[in-house]
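A short reminder: the numbers here are calculations on the coordinates, not readings from a lab. Computed from a predicted model, the values in this text were never measured in an experiment. Here the Cβ positions follow ideal geometry from the backbone for every residue, glycine too, while neighbour counts run over all protein chains shown.
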Amino acid sequence: VNEMATIVVRVGNNRPDLGTNPVCNRYMGTINEGQPIFLPCNPPMPGAFVSVHLEASIPSQLSICEAFVYTDQALPIERCPQFRDQPPGSTATYNGKCYIFYDRQPSNFRDALSFCRSRGGTLVDESNPALQGFISWELWRRHR
């Protein structure tokens, strides 16, 4: 298509749709259909979310075929436990741990903890901005 464009890559712990994560790389130049663009974060940036934005004066669409995001803390979802009563799509991984989101039946803390322990897990018992961002995003996308 050979059009001039600005592509911005952001990495951070805030929901990607907010557009508030720090800029990891900014590309200003021609985009040729079918040609890869390499946009590394140098230095590498920590964060739960990577987002790619097309900045244009006239709203236009950016189609991405593949985006490679590298980490040394990935855990394939296939390595997480599966349970019969688990809703489809309820598992997510973050920072080397499996998280299973159950929302079918509200319960108090004691019952929820017992439920998790009966499956070999526990309730989330730590917090930091990155983990909070991950959990917020997972809850937002499941209940929007």
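Counting only helical runs of four or more DSSP H residues, what would the 222 nm mean residue ellipticity of the chain come to if each run contributes -39,500 (n - 2.57) and the total is spread over all its residues?
-5000 deg cm²/dmol
Kirkwood hydrodynamic radius, the range 31-83, all distinct C-alpha pairs: what's the number in Å?
The answer is 14.7 Å.
Going 7 Å from the Cα of Asp125 along its beta-carbon direction, which residues of the range 97-113 have the amide nitrogen within less than 17 Å of the resulting point?
97-100, 109-113
For the range 77-143, count the residues as N, evaluate 2.2 N^0.38 Å, and divide the Cα radius of gyration by that value, please. Kindly include the intermediate steps, with their values, before the conclusion.
On the way: Rg = 11.9 Å, N = 67, 2.2 N^0.38 = 10.9 Å.
Expressed relative to 2.2 N^0.38 Å, the Cα Rg reads 1.09.
For Kirkwood radius over Cα pairs in Å, pick the label among [x] 17.8; [y] 15.5; [z] 16.4 that corresponds to the value derived from the coordinates.
Correct label, based on the coordinates given: [x].
Among Thr91, Leu131, Pro106, which residue has its Cα furthest toward the positive end of the charge dipole of the range 1-136, with +1 on Lys/Arg Cβ and -1 on Asp/Glu Cβ?
Checking the options against the dipole of the range 1-136, the answer is Pro106.
Given points 7 Å out from each Cα along the Cα-Cβ axis, report the Arg26 to Met45 separation in nanometres with one decimal.
Between Arg26 and Met45, the simple spin-label model gives 1.1 nm.
For the range 3-55, what's the radius of gyration and Dmax over Cα atoms, in angstrom?
Expressed in Å, the Cα Rg and Dmax of the range 3-55 come to 11.5, 31.
What's the angle, to the nearest 10 degrees (0 to 90), between helix 129-143's Cα axis and the longest principal axis of the chain?
Tilt of helix 129-143: around 80 degrees.
State the cysteines of the chain left without a partner when partners are defined as other cysteines whose beta carbon lies under 4.7 Å away.
Those would be Cys65, Cys116, since no other cysteine Cβ in the chain comes under 4.7 Å of theirs.
What order do you get for Glu78, Glu66, Glu138 when you list them from fewest to most C-beta neighbours inside 10 Å?
Numbers: Glu78 8, Glu66 5, Glu138 16.
Listing Glu78, Glu66, Glu138 from fewest to most nearby Cβ atoms yields Glu66, Glu78, Glu138.
Thr93: net charge of surrounding residues, Cβ under 12 Å, Lys/Arg +1, Asp/Glu -1, itself excluded?
So the environment of Thr93 carries a net charge of 0.
Restrict the search to the range 1-71; then list the chymotrypsin sites (Phe, Trp or Tyr not before Pro) that DSSP places in a loop and that have at most 14 other Cβ atoms within 10 Å of their Cβ. Present the calculation step by step, with values, prior to reporting the outcome.
Numbers: sites: Tyr27, Phe38, Phe49, Phe68, Tyr70; in loops: Phe38, Phe68, Tyr70.
Those that pass, being in a loop and sparsely packed, are Phe38, Phe68, Tyr70.
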